[in-house]
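Data first, discussion second: the structure below is written as structure tokens.
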Number of protein chains: 6
Amino acid sequence: MRENLLKKAWAEGRATINGWLAIPSSFSAEVMAQMGWDSLTVDMQHGVVDYQTMVTMLQAVSTTAAVPLVRVPWREPGIIMKSLDAGAYGIICPMINSRAECEEFVAACRYPPKGNRSFGPIRAFIYGGPDYPVHANDHVLTIAMIETTEALAALDEILAVPGLDAIYVGPADLANSMGKPPGFDQEEPSVVEAIRTIVAAAKRHGVRAGLHCGAPAYAKKAIGWGFDFTTLLSDARLMTMKGQEIVAAMRDRPAPGAGGTY
Amino acid sequence: MRENLLKKAWAEGRATINGWLAIPSSFSAEVMAQMGWDSLTVDMQHGVVDYQTMVTMLQAVSTTAAVPLVRVPWREPGIIMKSLDAGAYGIICPMINSRAECEEFVAACRYPPKGNRSFGPIRAFIYGGPDYPVHANDHVLTIAMIETTEALAALDEILAVPGLDAIYVGPADLANSMGKPPGFDQEEPSVVEAIRTIVAAAKRHGVRAGLHCGAPAYAKKAIGWGFDFTTLLSDARLMTMKGQEIVAAMRDRPAPGAGGTY
Amino acid sequence: MRENLLKKAWAEGRATINGWLAIPSSFSAEVMAQMGWDSLTVDMQHGVVDYQTMVTMLQAVSTTAAVPLVRVPWREPGIIMKSLDAGAYGIICPMINSRAECEEFVAACRYPPKGNRSFGPIRAFIYGGPDYPVHANDHVLTIAMIETTEALAALDEILAVPGLDAIYVGPADLANSMGKPPGFDQEEPSVVEAIRTIVAAAKRHGVRAGLHCGAPAYAKKAIGWGFDFTTLLSDARLMTMKGQEIVAAMRDRPAPGAGGTY
Amino acid sequence: MRENLLKKAWAEGRATINGWLAIPSSFSAEVMAQMGWDSLTVDMQHGVVDYQTMVTMLQAVSTTAAVPLVRVPWREPGIIMKSLDAGAYGIICPMINSRAECEEFVAACRYPPKGNRSFGPIRAFIYGGPDYPVHANDHVLTIAMIETTEALAALDEILAVPGLDAIYVGPADLANSMGKPPGFDQEEPSVVEAIRTIVAAAKRHGVRAGLHCGAPAYAKKAIGWGFDFTTLLSDARLMTMKGQEIVAAMRDRPAPGAGGTY
Amino acid sequence: MRENLLKKAWAEGRATINGWLAIPSSFSAEVMAQMGWDSLTVDMQHGVVDYQTMVTMLQAVSTTAAVPLVRVPWREPGIIMKSLDAGAYGIICPMINSRAECEEFVAACRYPPKGNRSFGPIRAFIYGGPDYPVHANDHVLTIAMIETTEALAALDEILAVPGLDAIYVGPADLANSMGKPPGFDQEEPSVVEAIRTIVAAAKRHGVRAGLHCGAPAYAKKAIGWGFDFTTLLSDARLMTMKGQEIVAAMRDRPAPGAGGTY
Amino acid sequence: MRENLLKKAWAEGRATINGWLAIPSSFSAEVMAQMGWDSLTVDMQHGVVDYQTMVTMLQAVSTTAAVPLVRVPWREPGIIMKSLDAGAYGIICPMINSRAECEEFVAACRYPPKGNRSFGPIRAFIYGGPDYPVHANDHVLTIAMIETTEALAALDEILAVPGLDAIYVGPADLANSMGKPPGFDQEEPSVVEAIRTIVAAAKRHGVRAGLHCGAPAYAKKAIGWGFDFTTLLSDARLMTMKGQEIVAAMRDRPAPGAGGTY
């Protein structure tokens, strides 16, 4: 089976960077896959992406070595299993708030006897190789989102669930849940403390941790705190940031034919 | 009929900036339409976009005041007329190399007696208004690409075609055709001279001129030479440039938990 | 944030009319959006529409002032939140039969502390404006369908759920549930009584009410009973009704060349 | 090979009615196919439909006995042949203005030795049957649009082209070309005369004739003049007409709870 | 209402064969529908198919007499009801492990008072006929998958659920659940015994039984055990098997121009 | 630039085998790409595939080493260039009947000064590498179809066109054009002679030759005659052949429960 390069990098003590796909297009996915991200996540929760388009995006990512991940819209076995069958090498599941929810999520990602994933890895066979059924339980990453005060309260119970590979912090939801303004790259002390509490707990349990970030400086700081991987922005945000820069830079354009100092 | 804001701006002596859509997605088109471009061109020639997707992109652009343009794949009446029926307020036609080609192109954009455009403005009625048929000939922009040595040789004949509103310079093809390396923002003297010759000729004939550029500095220089509008990059290029910046900025990331100066 | 014009109309004592989109096409959606409906609902339950197509339909509706609503297939947080993120200004949720179900539905539509909606309004930011996160809880309509005898029995409990903006009566399901033939514009006394009971209860609780109708006469009668909004038919039904009229009118066509009295 | 029911009806002296598909959706196509039209035309010229969607629409039509036709965007062999391979039982080709254009069109629809259609009837085999290659030249309808003054001037030459089955009059383009306002159901005397001239000439040459109409009364009048088939409106127009009726009928709706005479 | 030919065949003591659609394309579905299968199942669980594509596949199947079935991704009322509304004449539901789960599944497929299916058979009206609402409860097949040890333990309780028409054995999941290697055409004695136990129990309860098979020999053996229908492979597997045969047969191809014994 | 493995194989004296994609699906394309074909051709002429779908199919093929080719619908520069920009490593162009047509075709595939291909290799950059513009003229295969008596008569003139890499024989069209029944694997002596004449002429001109075949035995025979590559059937035909085998093998199935010799 094709190796999961994220597990390899983390085992070697390297932090990985994750790109984020919210635009429903296999072409933009392939463009993103050329940039050097270690992994790319198709976001079916807040991204504008549904299953049928997602598959073509996983195919596009598969033309490169970037590890394909999927964030599912919700903790629902149908879409979790369909995403794995489509060749996702890891599932990010939103809003895991209790041990039971985490167990349910992990079970949906694992073949018996470790879980109840149904058998039919139609494209995973192609992407992973013919021995996928034998090794999938060891390669597919289960990544639970910790993003509410409820989850904070159940942190150790969640982290103790067997088969949980990693947690992922959504800072916007976490802040919102704590009564603070949503957003990336939180500087609000209580939210920062919560984030650091989460990553520290994950480390104690031998669980990997990831954080969604808005800028490299913050992402590097977070890695310094212990995060194993960080996402930076998204395809749509990258496009917007550079587009806004360009449009702003054109504000002082001359009138046609004005010539001059340009 | 809804006014063509490009014609208005140019009449007022203002240069406009054009965004470029190569990603086949109505969502990325709508994101681009939020950035402040005066117009947005769906590129059906070198962009990864076909007619059916293009219509949804025009719809997305129509949620804003940005003027929707389409670059057709080739000088073929079927796709020119379909694009206009879909509500494009201007057509950029590649590879216009002679007076005859230019006449054929312009005719496909104009209702009789000025041309042979077939009647059926199915979505143009919605976008333009119920009096679209009466005024379309005055509002829809015909924009011929001048991008070969052959076109350079026929420049005055092309520019003299009645009903031609603007020309558009593709610097990559023009350079290629002149035996120089293709690319935006040409500094190769012979290509620069050709570009300046084209814009000067256009001005003489009362025809507007546009240029595809890669950076604001060059775009402003080109406007100084007389160009009425410039395109800057494309959705995919914007995304790539910012993505590469971010990935590069993450190269010196620490190991997880290294903490330190961040 | 862009105002929700339905709330405004209702506050001003005006009944609104809602169009219904069952055809999976952004073009037919845009055609429907030109007719003067106050709101348009993309029906993901019984309409032939899935999420990816729905987004393009919301974009098409967004070219006009019609308020975009979505009926979700079921009370499932994933699709409710995705629809809101896509810019729906209200969610119609089928089969709300108890207080608990209503609370769960409303929670999925509200950011903390009023609910548990996850943060990521990717297209809602574009449609609603940059201050969407601050005001969304006040603008997004929660509309619970009351359409079973079970719901009738729990009516007051359902209507008392904080944050519930409106209820919507599906007369076909309601009749079916009562053992009567399904269909719009019910004249069956027991069903009419149930409908009037529902709208009266809604009024008592300060909750708005809507009804799916098949003809203007019935819709106006229902508004007279107290309904704040009525849906009339659907895109597919409108097309069918007029198409059947035309085909019927052609039945007595002559033979080719028969000439005669025409 | 499945019989072409249009040829049968015409041979029996019956006029047929044709529905028109401009909405890009296999579902709306199937809804239209339920109404009793003798044939349905997927309009790839002025309709919002591209090849890939068109195929699904032909499939939807194939669930019924309605004869599937396609109007191609332009006289281009590639799309004519692709449409036939997809199972169209007739091609309506716009803007046939000369004998040469008509010959080129007919040739693209006929296998050698009668034409140069390339062999590969991938879905036509399914729709028509395994003997499609042997009989296709006899069953597939070639329908040339006569819609310009240029075509009027070449009428007899066009009608004399061997293999031409029918002509189709586009009254909007015809009027436009004659300097009259475009539109269906022309009452402008010169346009009416031109239309009657065309149908009379077709009859002389043993060529069938069709007309695009806006109302049954006019369509029946046209059949009386000799037309063998008439189109009435389109899916989008049907929807719009009934929708506008409904919205208008709701204008005098009461305020919620006003009760009263309803 | 259009008869369900599977029920008819089974009542007449005939076993039926089912084709399996995993490729997301209405064209491949139509090709499959030409081969003589009694029924065709669109697999939304392990197939690469989502709702919007599935509808076009049901349309393609509807051009023939093959009975259209859908396997849903999970026991979720929304997608079960949407599939039925789209015209599926039977639902295969994965992972039914208890009486309660079976009751919930059956209820979602039945109109009141036998269940809680919501009313709105938008395309089922077209496929089934105008009396669909009256007869749907009698024609639509409910097919529960028995594929875990948990289900084996609850076999009689599951089979006793009123309204359950058939069970379907997924041998790969069943084997996996029993700690045996997954795969079709099991020869592992304990799995074979479990399969035979299931079919025998179904017969006792008057419930039909189906099995997913990989080869005709095994399928015929299974029918001999009592199975009423068997699936054989899938569209993608058929393509792969023949493709691999062809590629293998070309391994000993000569060098170009080698001529020789061919 | 990524090497064109077909050119390499041919230079090494090896014949290659080509798979054929007519189903419009990136998933079926990826399944086909797993079987060991040296190249895969997306057939936009007789296949049910349009540009937008074709791009996703090229992406799917790009996950493997199979060389991606495209057959365009017709000799039209727009689609030829779009296909190359999408990353096709070769274009098969139908119906090349004269030197002029062949020159036009080749020119559309070559950047100046060897042709007039427009510059904008948006996905070809990704697939081929950043130096694609420099080397594309040497790597992209131009493959002209010889399939009419007209082409036979102009054979040497066509084969002498500079830049023509290969010819491809469509035996169905060739036979049809010669007044013989269309079909693969021709045994009709005059057609066989024509085919052998073509391949011999190609060899004389140093041009590669390919043939569309229906069975390995014939394909190997053709290679023996000198063909450098052969296509075998298509995705849809492979599926059909195996499906028909399976359905036929099930004809003698027992009645349910008949038990017996199985």
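What follows is calculated from the coordinates using simple rules that are stated; it is not laboratory data. Quick caveat, the model's predicted, so the values are computed rather than measured. A quick note on method: Cβ atoms are made from the backbone with ideal geometry, for glycine too, and the neighbour counts reach across all protein chains shown.
A few comments on the model shown:
- Sum of side-chain charges, residue B:171 neighbourhood, beta-carbon under 11 Å (Lys, Arg +1; Asp, Glu -1): -4
- Remark: label point of residue D:13 defined 7 Å out from Cα along the Cα-Cβ vector; separations to the same position in other copies 5.5, 6.7, 7.6, 7.6, 9.7 nm, ascending.
- Segment F:73-144 - Rg and Dmax from Cα coordinates, angstrom: 11.4, 36
- Compactness index (Cα Rg / 2.2 N^0.38 Å), chain C: 1.07
- ³J(HN,Hα) computed for each position of segment E:111-119 - Karplus, 6.51 cos²θ - 1.76 cosθ + 1.60, integer Hz, glycine/proline x: 6, x, x, 7, x, 10, 4, 7, 8
- Taking amide H positions as modeled 1.01 Å from N, with prolines and chain starts lacking one, the residues under 5 Å from residue F:212 and 5 or more places away or on another chain are F:169, F:231.
- What the phi angles of segment B:43-60 give under the Karplus curve with 6.51, -1.76 and 1.60, with θ = phi - 60°, is a coupling list of 8, 8, 8, 9, x, 8, 9, 10, 3, 4, 6, 4, 4, 5, 6, 4, 4, 4 Hz, glycine and proline written as x.
- The rotation axis bringing chain E onto chain B passes closest to the chain E residue reported with its distance as E:52, 7, by C-beta distance in whole Å.
- Neighbour net charge for residue F:27 - beta-carbon separation under 14 angstrom, K R +1, D E -1: -3
- Copies compared at residue E:131 - label distances in nm, ascending, label defined 7 Å from Cα in the Cβ direction: 3.7, 5.7, 6.1, 6.1, 7.5
- For segment A:5-249, lysine pairs with C-alpha atoms less than 27 angstrom apart, excluding pairs fewer than eight positions apart on the same chain, total 19.
- Here is how far apart the residue E:98 label points are across copies: 1.5, 1.5, 7.8, 7.9, 7.9 nm, shortest first, using a point 7 Å from Cα toward Cβ.
- Here the average projected area of the convex hull drawn through the C-alpha atoms of segment A:1-62 stands at 4.6 nm².
- Helix-only [θ]222 nm of chain F, DSSP H runs n ≥ 4, -39500 (n - 2.57) each, per residue, nearest 500: -12500 deg cm²/dmol
- Tail weight of P(r) past 13 Å, computed on alpha-carbon pairs of segment F:28-67, percent: 45 percent
- Formal net charge of residues neighbouring residue C:47 (Cβ-Cβ distance under 12 Å; K, R +1; D, E -1): 0
- When the convex hull of its Cα atoms is projected in every direction, mean area for the protein assembly as shown (nm²): 54.8 nm²
- For segment E:5-249, the dipole from Cβ point charges (+1 on Lys and Arg, -1 on Asp and Glu) about the Cα centre works out to 420 debye, to the nearest 20.
- Table column - 3J(HN,Hα) (Hz), segment D:139-155, Karplus curve with 6.51, -1.76, 1.60, x for Gly and Pro: 9, 6, 8, 9, 10, 8, 7, 10, 8, 9, 5, 4, 5, 4, 5, 10, 4
- Residues considered: D:147, D:101, D:245. Largest GNM mean-square fluctuation over chain D, using C-alpha springs under 10 Å, is found at D:245.
- In terms of overall dimensions, segment A:106-217 has a Cα radius of gyration and Dmax of 16.6, 49 angstrom.
- Whole-number D in µm² s⁻¹ for segment D:106-161, Kirkwood Cα-pair radius fed into Stokes-Einstein, 20 °C, 1.002 mPa s: 166 µm²/s
- Applying 1/(1 + (r/R0)^6) with R0 = 41 Å to the Cβ-Cβ distance of residue F:14 and residue D:138 gives a FRET efficiency near 0.35.
- Nonlocal amide H pairs with residue C:16, under 5 Å, H built at 1.01 Å: C:229, C:230
- For a paramagnetic label modelled on residue C:197 (point 7 Å from Cα along Cα→Cβ), amide N atoms under 17 Å away belong, within segment C:165-188, to C:168-181, C:186-188.
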